[in-house]
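First comes the structure, then the notes that go with it.
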Amino acid sequence: METVKLTINGIPVEAPKGSTILEAARAANIEIPSLCYLKDVNCIGACRVCVVELKGRNGLVAACVYPVEEGMEVLTNTPKVRASRKTTIELILSNHNKKCLSCVRSNNCELQKLALAYGVDEDRFKGEKELTPLDTSSAYIIRDNNKCVLCRRCIAACKNQNISVIGSIRRGFATHIGCAFENGLGESPCVGCGQCIVACPCGALTEKSQTAEVWNAISNPDKKVVFFTAPSIRATLGEAFDMPIGTNAEGKMVAAIRRLGADSVFNMDFTADLTIMEEATELVERIKGAGPLPMFTSCCPGWVKYVEHYYPEMIPHLSTCKSPQQMFGAVLKSYYCQKNNIDPKDLFVVSVIPCTAKKFEVGREEQRTGDYDDVDIALTTRELARMIKEAAIQFTDLPDEKFDDPFETATGGGLIFGATGGVMEAALRTAAAMLDSTCELVDFKEVRGTAGIKEATYTIAGTEVRVAVASGLGNASELIEKVKSGEKDYHMIEVMACPGGCINGGGQPIQSDSVRNTVDLKAVRAKALYDADAKMTLRRSQESPVIKMVYDEYFEAPGKPLAHKYLHTTYVERGRF
Ligand code: SF4
Ligand code: SF4
Ligand code: SF4
């Protein structure tokens, strides 16, 4: 690799030719503040916060886009640089509503941090402000352009998803971010992945919070409130309480939810196992001739909505299995209510999920088991963290507690659902045993890792099984096009809308650019799940005693009529506009 030598603040640095000053500085552990830049997502040199001085040259340059040169002398902290950054932040704040006290991003806001660092505490540039109404049109996201800094990180994140339903509208002072024809996000073919939210440096994009409804249900004596938590939450919730990234906080998470007032706290890994039982059965049937192949996984609602909007011709290829969230809701409002003599309308079901798309999914009418939603509220990891803080629970001091019976036990197969490749590996563990009862295979390491597209071929009971895994919808569309053109031929494809899967979902704790620059969030969070899986004695979904119980007592066997009625679903063609 060709390199160039330069100095940054007098420190000798060697950097790859073609890299930017910002990349060279950060690789040498020299921080340059930035705002619109976001590693792997957005690099447009728009905000000018990352300006630096080059010795012997006039003016300032944006470090995020300016390439390193041999012998260059970079100065990142001169009076001229600091004054320029301060003015830039003052100008940004001159059209910002500054409602920091009640903003959900307060203390986790890159703009607030910059204002503090540069001593911006007064309105130097007073004048007209562009006041815009909130966009509350979708089931999952609120856009508050009164807080937007026009960094365009959300636009880049949406473009990376091969969707681009948001863009920059109008010019000059009237510039703002929104959808075509000034429509609300809810009227657009947005899939709800929330990748724009986790890219946003401030409080302009947030999930539609539903914590108030959950508090109301908890204080209602007529409601039995049950929570269940998705596999990835244990690997990310600790970040909201300053625990190291990648900490498995399962026990404290359960203890915290119990202290919020939940009547029961269940483990959604159970319905991840249930999904695998149904999905592996469906795959084997399709391979044996029922088709069509490839079969796409259907546990990610962002991906499902993407197919419904952008590739409706592929709907027959989607597994008919509901997602683990929706299966849990159906199990609770049918089997669990019947067994415990509860009117389903008195059971208030709260899922805790890494995801904003699941807030849309809970309202899908075709997934109901009665004249009510099976899951009442889907809370993101961030909303759960806020509830825990609101209740003044000292999360890190909590003891480790276990999930409640009867949905406590699950397998490693269910647990790894939270990472890209996890659903595929869990399905392969079970399908292999279905095709060959003597097969003991549990590790399918070729489908692990954070690569956007992974492929593998396995020979099981004499049958060659070709699989692919995509995370991030840009990668998914690349795979679909290859399948459609006949260039690629698989039996099963796992797709997760979020790059890296649910551990990097749109509802997860938001880490700033400076953290994302040095930590591979996808890999570190996923490791927490794979480490836990490796230590488990039950690693294949069919080995779970809870799975055995629900089939013996209710659903009979995977793919049977009652299982189909409650655990499978249909899809709708939605159109691109
Ligand atoms: S939720 Fe996803 S699809 Fe919708 S605007 Fe944000 S990034 Fe784009
Ligand atoms: S909504 Fe957030 S990410 Fe998008 S341009 Fe505004 S501040 Fe940037
Ligand atoms: S990958 Fe996970 S977090 Fe992202 S949209 Fe899909 S289910 Fe939700």
Seminar exercise, completed: Filtering region 73-99 for residues that are in contact (Cβ under 8 Å) with a residue 40 or more places away in the chain and not in a loop (DSSP other than H, G, I, E, B) leaves a count of 7
For this session: Hand me the list of strands (runs of 3 or more DSSP E) wholly inside region 342-460 holding 1 or more residues that are of a type in the set (D, E, K, R).
Result: 453-460
For this session: Return yes or no: is Glu390 open to solvent by 20 Å² or more (accessible area, probe 1.4 Å) and within 17 Å of Val226 (Cβ to Cβ)?
Result: no
For this session: Collect the residues in region 1-42 that are assigned to a helix (DSSP H, G or I) and over 22 Å from Ala156 (Cα atoms), keeping them in residue-number order.
Result: Ala24, Ala25, Ala27
For this session: Test Ala230 against the criterion of being under 16 Å from Val349 (Cα atoms) and either crowded, with 19+ Cβ neighbours inside 10 Å or in the same structural domain as Phe348 (by TED's automatic domain parsing) (or both), and give yes or no.
Result: yes
For this session: Tell me which residues, restricted to region 176-204, are within 16 Å of ligand 3 (Cβ to nearest atom), in a helix (DSSP H, G or I) and farther than 24 Å from Asn97 by Cβ.
Result: Gln195
Exercise. Mind checking which pairs have a first residue in region 22-39 that is over 19 Å from Arg82 (Cα atoms) and a second that is of a type outside the set (A, V, I, L, M, F, W, C) and surrounded by fewer than 20 Cβ atoms within 10 Å (Cβ to Cβ), Cβ under 6 Å, 6 or more apart or different chains?
Worked result: Lys39/Arg516; Lys39/Asn517
Exercise. Only one residue in Gln508, Gln542 is part of a loop (DSSP other than H, G, I, E, B), among the polar types (S, T, N, Q) and surrounded by 15 or more Cβ atoms within 10 Å (Cβ to Cβ). Which one?
Worked result: Gln508
Exercise. Name the pairs whose Cβ atoms lie under 6 Å apart, with the first residue in region 336-360 and among the polar types (S, T, N, Q), the second more than 16 Å from ligand 1 (Cβ to nearest atom), and 6 or more positions between them or separate chains?
Worked result: Ser351/Phe228; Ser351/Gln325; Ser351/Val375
Problem set entry | Enumeration of residues in region 200-218 that are within 10 Å of ligand 1 (Cβ to nearest atom) and either over 16 Å from the mean Cα position of the chain (by Cα) or over 26 Å from Val350 (Cα atoms) (or both) | Cys200
Exercise. Within region 487-505, which residues are acidic (Asp, Glu) and either surrounded by fewer than 24 Cβ atoms within 10 Å (Cβ to Cβ) or closer than 18 Å to Ala156 by Cβ (or both)?
Worked result: Glu487, Asp489
Exercise. Can you name the number of the only condition in (1) open to solvent by less than 30 Å² (accessible area, probe 1.4 Å); (2) more than 23 Å from the chain's Cα centre (by Cα) that Lys147 fails?
Worked result: (2)
For this session: May I ask you to verify whether Ala557 is at negative phi, touching a residue at least 60 places away in the same chain (Cβ under 8 Å), assigned by TED's automatic domain parsing to the domain that holds Gln326 and of a type in the set (A, V, I, L, M)?
Result: no
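Residue by residue, here is whether (1) buried (at least 24 other Cβ atoms within 10 Å of the Cβ); (2) assigned to a loop (DSSP other than H, G, I, E, B); (3) among the charged types (D, E, K, R) holds:
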{"residue": "Pro244", "(1), (2), (3)": "no, yes, no"}
{"residue": "Gly251", "(1), (2), (3)": "no, no, no"}
{"residue": "Phe266", "(1), (2), (3)": "yes, no, no"}
{"residue": "Thr275", "(1), (2), (3)": "yes, no, no"}
Exercise. Within the bounds of region 329-337, is there any residue that is within 21 Å of the chain's Cα centre (by Cα) and either in the same structural domain as Pro406 (by TED's automatic domain parsing) or hydroxyl-bearing (Ser, Thr, Tyr) (or both)?
Worked result: yes
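Listed here are the residues, each with its yes/no results for (1) part of a loop (DSSP other than H, G, I, E, B); (2) surrounded by fewer than 18 Cβ atoms within 10 Å (Cβ to Cβ); (3) at positive phi.
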{"position": "Thr206", "(1), (2), (3)": "no, no, no"}
{"position": "Glu213", "(1), (2), (3)": "no, yes, no"}
{"position": "Asn216", "(1), (2), (3)": "no, yes, no"}
{"position": "Asp222", "(1), (2), (3)": "yes, yes, no"}
For this session: Out of the residues in region 333-376 that are open to solvent by 10 Å² or more (accessible area, probe 1.4 Å) and of a type in the set (A, V, I, L, M), state the one that is farthest from Phe555 (Cα to Cα).
Result: Val362
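The values are calculated or read from the model by the stated rules, or taken from the named source; none is laboratory data. Values in this document were obtained by computation on a predicted structure and should not be read as measured data. Cβ: placed from backbone, ideal geometry, glycine included. Neighbour counts: every protein chain shown. For accessibility, only protein heavy atoms count, side chains too; no ligands or nucleic acids. Shrake-Rupley method; radii C 1.70, N 1.55, O 1.52, S 1.80 Å.
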